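Input: a single structure, listed below in structure tokens.
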Amino acid sequence: MPETPVSSPAKTDATVCSPGKTATRDSGEVKTEAPAPTPAKSSLLTIGLGALAGILFIIVVVLWIKVGTRNITIVESQNRIEQDGSATAAMQAQVDGAKADSAKLQAQADGAKAKANQLNSLVDKTKAGAAELQTQLDASRGNSAALQAKLEKAEKEIAQLKTTRPQK
């Protein structure tokens, strides 16, 4: 039988290669591991990343609280604005009602003023009529006094005539 070359066991299991590269075996490909980092470097890196993550977490929480507080402030402000808006609308309705009432009262005042003017002119007419009646009364009194004087004179004359006339 033909002889097959026998290879050394170190060469058949793996081919020598540089770290990080794959080595071929007779049975297939095998990866070699990269050299493990030194424990001091990896623990410092882990501590640094952990501290950075902690700081970032604290920053996120603080900012989350600030945003929540701002949202609450915004909602409260919107509620106040809505309340102020409804109060303003109610006040505007009251102002409009007061304006309407004021217009009614002004119309009533104008009507009362017109009636007062009518009554004043009626009073003036009545005063003028009373003054005219007073003049007529004074004239009548004068005429009455003149008539009374004539009557008394006539009675005296009648009395004299009766006394001077012989009685039968």
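Taking 0.36 nm per residue of sequence separation and subtracting the Cα-Cα distance, how much length would be gained by fully extending the chain between residue 56 and residue 81, in nm to one decimal? Walk me through the numbers before you get to the answer.
Details: separation 25, 0.36 × 25 = 9.00 nm, distance 3.66 nm.
Stretched out fully, the residue 56 to residue 81 stretch lengthens by 5.3 nm.
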Just how many pairs of Lys in region 93-168 have C-alpha atoms closer than 23 Å, counting pairs that are eight or more places apart or on different chains? 10
Gap separating the Cα centres of region 113-168 and region 50-71, nearest whole Å: 115
Compute the length gained on full extension between residue 89 and residue 124: take 0.36 nm times their separation in residues and subtract their Cα-Cα distance, giving the result in nm to one decimal. 7.4 nm
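Rounded to the nearest 0.05, what FRET efficiency do residue 73 and residue 96 give with R0 = 30 Å and r taken as the Cβ-Cβ distance? Could you check?
Working: r = 34 Å, r/R0 = 1.14.
Efficiency computed from Cβ-Cβ geometry: 0.30.
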Contour minus end-to-end for residue 107 and residue 153, with contour as 0.36 nm per residue of separation and end-to-end as the Cα-Cα distance? 9.8 nm
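No value in this document is a laboratory result; all are computed from the given coordinates. Only a predicted model underlies this, so the values are computations on that prediction, with no experimental measurement involved. Note that each Cβ is placed from the backbone with ideal geometry, even for glycine, and that neighbours are counted across all protein chains shown.
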